[in-house]
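Q: Encoded as structure tokens, here's the structure I'll be asking about.
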Amino acid sequence: MGRARSRIAGAISVFGELLITAGVLMGLFVVYSLWWTNVLADREAGKQSDAIRDSWAQTDTGPGALDTKDGIGFLHVPAMNNGEVLVKKGTGDDVLNHGVAGYYTDPIKSALPQDKSGNFTLAAHRDGHGAKFHNIHKIKFGDSIVFETKDTWYVYKVYKTLPQTSKYNVEVLQPVPEQSGKTKPGRYITLTTCTPILTSDYRYIVWGELERTEKVDKDRTKPAELR
């Protein structure tokens, strides 16, 4: 009986140590997913952003007026307090994992800011890999969203948010976004990301409408919304 109890106690002890080890490994994985991937993504995004700005400074034409693989400009959302976010083509992990936002090419193709009408639709990660839209829940009605290209500042005003919808709800990306309250063509912007935090079960949506544009001056003076 004593030996049996000793074996059981030993087995319990080993099992407990395995649980502790598993917990440590899981904790390390979480640290990697939520911190280290942010570090790597921000580093890569910084390099890409510097390359874009260098190109703008050295040439008469640039990504601000073109649909290129390098990036079309920078998103500024003061309410998210996430600095400037490089925007590139596509919304797959091969794009978003580099700490940038991407504009949709499918299932509904995004308009671009310079188009006379349409919906400029963007996605970015909420956790890990730069987490550029982590604070999307802080955006409120009337907040500013500014998109910067080589030649133009596009200033949008938020008019509605949708805190949770199905990840299969592509109607929010329509040229006249459904559920946003708009019924006529205009120049809209839509931000999308996963929700709740740390999951990808649903999508969080923010809609804005173009309020005005400003030409970029030689000093790249920021619009009032960003000062």
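Listed here are the residues, each with its yes/no results for (1) of a type in the set (Ser, Thr, Tyr); (2) open to solvent by 40 Å² or more (accessible area, probe 1.4 Å).
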{"site": "Phe120", "(1), (2)": "no, no"}
{"site": "Ala131", "(1), (2)": "no, no"}
{"site": "Ser144", "(1), (2)": "yes, no"}
{"site": "Thr149", "(1), (2)": "yes, no"}
{"site": "Thr152", "(1), (2)": "yes, no"}
{"site": "Val155", "(1), (2)": "no, no"}
{"site": "Lys160", "(1), (2)": "no, yes"}
{"site": "Pro163", "(1), (2)": "no, yes"}
{"site": "Lys167", "(1), (2)": "no, yes"}
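Q: Another question, if that's okay. Show me the strands (runs of 3 or more DSSP E) found entirely inside the range 142-227 where at least 3 residues are hydroxyl-bearing (Ser, Thr, Tyr).
A: On the way: elements: 144-148, 152-166, 187-195, 202-215.
Once the strands (runs of 3 or more DSSP E) in the range 142-227 are filtered for at least 3 residues that are hydroxyl-bearing (Ser, Thr, Tyr), what remains is 152-166, 187-195, 202-215.
Q: Name the residues in the range 172-195 that are open to solvent by less than 60 Å² (accessible area, probe 1.4 Å) and not aliphatic (A, V, I, L, M), would you?
A: Answer for the range 172-195, where residues must be open to solvent by less than 60 Å² (accessible area, probe 1.4 Å) and not aliphatic (A, V, I, L, M): Gln174, Pro177, Ser180, Gly186, Tyr188, Thr190, Thr192, Thr193, Cys194, Thr195.
Q: Within the range 216-225, is there a residue that is within 18 Å of Gln114 (Cα to Cα) and surrounded by fewer than 17 Cβ atoms within 10 Å (Cβ to Cβ)?
A: Within the range 216-225, the first condition is being within 18 Å of Gln114 (Cα to Cα), and the residues that meet it are 216-217, 223.
Within this subset, residues satisfying the condition of being surrounded by fewer than 17 Cβ atoms within 10 Å (Cβ to Cβ) are 217.
Within the range 216-225 (the criterion being within 18 Å of Gln114 (Cα to Cα) and surrounded by fewer than 17 Cβ atoms within 10 Å (Cβ to Cβ)), the answer is yes, since at least one residue qualifies.
Q: Let me ask something additional. Consider only pairs whose beta carbons are under 6 Å apart and that are at least six residues apart or on different chains; among these, list those whose first residue lies in the range 121-132 and is among the hydrophobic types (A, V, I, L, M, F, W, C) and whose second residue is assigned to a loop (DSSP other than H, G, I, E, B).
A: Ala123/Thr91; Ala124/Lys132; Ala124/Phe133; Ala131/His125
One line per residue, one yes/no per condition, for (1) touching a residue at least 24 places away in the same chain (Cβ under 8 Å); (2) within 22 Å of His129 (Cβ to Cβ):
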| residue | (1), (2) |
| --- | --- |
| Asp151 | yes, no |
| Lys160 | yes, no |
| Leu173 | yes, yes |
| Ile205 | yes, yes |
| Lys218 | no, no |
| Lys222 | yes, no |
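The values are calculated or read from the model by the stated rules, or taken from the named source; none is laboratory data. What you see is a predicted model, and the numbers here were worked out from it, not measured in a lab. Neighbour counts are summed over all protein chains in view; Cβ atoms, including those assigned to glycine, are modelled from backbone coordinates with ideal geometry. Remember, those area values only see protein heavy atoms, side chains included, never the ligands or the DNA or RNA. Shrake-Rupley method; radii C 1.70, N 1.55, O 1.52, S 1.80 Å.
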